[in-house]
Protein chains: 2
Amino acid sequence: MSPTAQRPEALHQGAGGRATARPTLEEVAALAGVGRGTVSRVINGSPRVSAKAREAVQNAIAELGYVPNRAARTLVTSRTDSIALVVPEAETRLFSEPYFSDIISGVSAELAETDMQLLLILVRNQRERERLSAYLTAQRVDGVLVVSVHRDDPLPALLESLEIPSVLAGRRGDLEPLSYVHADNAGGARMAVRHLLRRGCRQVATLTGPLDMEVAQARLGGYRRALEEAGHRYDEELVGLADFTEEGGRVAMRELLERRPELDGVFCASDVMAAGAMQVLRAAGRRIPDDVAVIGFDDSIVARHTDPPMTSVRQPIEEMGRTMARLLLDEIAERGRARRQVVLATELIVRDSA
Amino acid sequence: MSPTAQRPEALHQGAGGRATARPTLEEVAALAGVGRGTVSRVINGSPRVSAKAREAVQNAIAELGYVPNRAARTLVTSRTDSIALVVPEAETRLFSEPYFSDIISGVSAELAETDMQLLLILVRNQRERERLSAYLTAQRVDGVLVVSVHRDDPLPALLESLEIPSVLAGRRGDLEPLSYVHADNAGGARMAVRHLLRRGCRQVATLTGPLDMEVAQARLGGYRRALEEAGHRYDEELVGLADFTEEGGRVAMRELLERRPELDGVFCASDVMAAGAMQVLRAAGRRIPDDVAVIGFDDSIVARHTDPPMTSVRQPIEEMGRTMARLLLDEIAERGRARRQVVLATELIVRDSA
DNA sequence: GCCAAGTGTGGGAGCGCTCCCACACTGTAG
DNA sequence: CTACAGTGTGGGAGCGCTCCCACACTTGGC
């Protein structure tokens, strides 16, 4: 039996193109003339290794092209060196599209320096929720990133009780016990509404997201605060309850227009809602921004393509992804460290709709 | 020493909330009154188990809440039960945004039934390319899905030589040796151009993507074919070379307009290019679609928000993701099976721009 | 000169699985 | 009755690592 035929599934192409078995710690140790323990110490950066031994090992590693076997390491340490990014399916659509890929991009950028791998888990129904629980209970990841949370989402509580390091994008409420990163939604909303007031709007309405999400609440809160600071009364009739979607924006805008035909400004809690609202306004014969000024939220690709181009609040999404990853890595490295909260600034991008 | 203090990192919350060590095969075997081998056979669905033994094992598994340890299994089988989705960073932006999340969504839907996990790998520079090679060489995944390929991309060749099961979204050229799934780009383009001709356009131009990508070539090919089938001459002056981006679309459209002011139709190989082109056309005083009809490709979110709403070619992206996953699972299950190619139909979504 | 503490090292044990060999039982043919 | 194939089963070996104990060798203080 030829040596290469023994375990065909464990072969790989060596540097020379020859099929060779993957080298093990043992082989590295033999080549370097040291014991397994020393090689392991070198690989894991232990300081208790002499310079001479370290060099010999490093040479051997380079020569053999040795790469540690992750499964073997996981088996003994029960670390997995991987983290999960959990995305409730609905969210990939609900959020403006770049949100999703920018978060991923930020997370992945931050992880690039480590040898953590990123697992993507979409949860689209109850069954998959349960699978996720089993998955997490079975400790198959070192930590969890959750892309968005509703107030009654059972996942954060699960994470809390399992004591798995985790970081949320957004929070459930003011007293979120888990670590989270979020944009300054209230501040962004406030900025937007102040902009509307400054340009002379007297009757500023708002289109909200689903109020079981803290983001939606915060944006509504910022709207209210800006109005009250400017001495306006907060008027519930100017608040259109919607759901972040384009169609929702259209419906709510129509109602708003019926209720308060005199409105001259709308702050929308998402760009797509704003796009829907703009269609309705235009259909109703209102000029934008002259009759009604409109501001969106997210500064997504849609904002640049509406007519007129939309003024919108931008949140630093990629930065949020990076920060989430960073917090999570810290929490994994230092189990039981205090949970942390990070708020990132938003920015008003002024275009032509307001 | 209390039993629970022995290996604190290997504890988990049992059903009752009590911290218990994760059960192992051995414990299941003991409870079921059988040997380790029998439990293993039950778990892996071997037919060589008596009904009685199988039932006893299944009860024990349920009672203990046993979940196999993946690392241990990987260590001996050298299967990893995970596949990688490789995304060249640039592409997450280049493609219309839903593309990315729809592919993921399709892949993940198909994987939901299996216990494969999805690893996401973004490659943003040369260094990460090399890390990816090392990663693949170290056999850390059972298969690879590649989101898009350029003609000179070294990755497919690497996958080929490593003989790792893999499926591409798109292909490098006609003779792609790897399995791939792609939309009928040529057919979609042809459909779009025929639509333009049918509505009376006499001078139909096109804006292409980067011609080192097969998608771009195919869409250009479809454009050409439709013209020639209708008895028109293929005129290079009507071809604007661009790069799928909005800014590229603007630039190319301006040049086209200068070269051929009489043009009355444009087929654009992406929606965002079409959006850019529409801006330029409007700035030049052309009415859409009356003076110039415009068609995009992708039917992305942008298409619904341009003014007027854009006619566009839709590709079944989620279905592509599903199909890719399915082909890959087959290839993993049956090593060395023939590579397969799947072409999915495209569809023309008619709105107001043409 | 001795002991104590500190350093670097080798290698056994063991993580939780799958693989496979050996063996005990069937049942059927000779 | 023996022989033999077929079925179901138990458990040893071993995957490649980390952990940790034991040991050799150094150094410094008395």
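Data for the structure
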{"read-out": "Convex hull per residue volume in Å³, alpha carbons only, for the stretch A:285-327", "value": "61 Å³"}
{"read-out": "Span per principal axis, largest first, for the Cα atoms of the stretch A:231-270 (Å)", "value": "31, 19, 15"}
{"read-out": "Area hidden from solvent between A and B (accessible, protein heavy atoms only, 1.4 Å, total, Å²)", "value": "4700 Å²"}
{"read-out": "Inter-copy separations for residue A:124, label at 7 Å along Cα-Cβ, nm, ascending", "value": "2.9"}
{"read-out": "Other-chain or far-sequence residues with amide H under 5 Å of residue B:122's (modelled H)", "value": "B:87"}
{"read-out": "Directionally averaged projected area (convex hull, Cα atoms, the stretch A:185-314), nm²", "value": "6.5 nm²"}
{"read-out": "Length-normalised contact order of the stretch A:103-242 in % [C-alpha pairs under 8 Å, at least 6 apart]", "value": "18 percent"}
{"read-out": "Per-pair calculated FRET efficiency, R0 = 30 Å: residue A:124 and residue A:352 via Cβ, rounded to 0.05", "value": "0.20"}
{"read-out": "Per residue accessible area of chain A, 1.4 Å probe, in Å²", "value": "43 Å²"}
{"read-out": "Kirkwood-Stokes translational diffusion coefficient of the stretch B:126-215, alpha-carbon pairs, 4 °C, 1.567 mPa s, µm²/s", "value": "84 µm²/s"}
{"read-out": "Share of carbon and sulfur in the accessible heavy-atom surface of chain A [1.4 Å probe, %]", "value": "49 percent"}
{"read-out": "Value of [θ]222 nm, deg cm²/dmol, for chain A, DSSP H segments ≥ 4, -39500 (n - 2.57) each, nearest 500", "value": "-13500 deg cm²/dmol"}
{"read-out": "Nearest-first distances (nm) between copies at residue A:157, label 7 Å from Cα via Cβ", "value": "5.6"}
{"read-out": "R0 of 30 Å, Cβ-Cβ distance residue A:241-residue A:157: FRET efficiency to nearest 0.05", "value": "0.70"}
{"read-out": "Two-decimal ratio, chain A, of alpha-carbon radius of gyration to 2.2 N^0.38 Å", "value": "1.31"}
{"read-out": "Shape category assigned to the stretch A:170-214 from the gyration tensor of Cα positions, a/c cut at 1.5", "value": "prolate"}
{"read-out": "Test item: Cα-centred dipole of the stretch B:265-354, Lys/Arg +1 and Asp/Glu -1 on Cβ, debye", "value": "240 debye"}
{"read-out": "Peptide A:339-351, shielding by other chains (average Cβ, 10 Å cutoff)", "value": "0"}
{"read-out": "Percentage of interatomic Cα-Cα distances in the protein assembly as shown larger than 51 Å", "value": "20 percent"}
{"read-out": "Tail weight of P(r) past 18 Å, computed on alpha-carbon pairs of the stretch A:267-353, percent", "value": "52 percent"}
{"read-out": "Lys, Arg +1 and Asp, Glu -1 on Cβ, resulting dipole of the protein assembly as shown about Cα centre, debye, nearest 20", "value": "1500 debye"}
{"read-out": "Set of the stretch B:40-59 residues, backbone N closer than 16 Å to the point 7 Å along the Cα-Cβ line of residue B:76", "value": "B:40-46"}
{"read-out": "Neighbouring partner chain Cβ atoms per residue of A:120-130, average, 10 Å criterion", "value": "3"}
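The values are calculated or read from the model by the stated rules, or taken from the named source; none is laboratory data. Note that the structure is predicted; figures quoted are calculated from it, not measured. Counting neighbours? That spans all protein chains shown, and the Cβs are built from the backbone with ideal geometry, glycine included. SASA here: full protein model, heavy atoms, side chains in, ligands and nucleic acids out. Shrake-Rupley method; radii C 1.70, N 1.55, O 1.52, S 1.80 Å.
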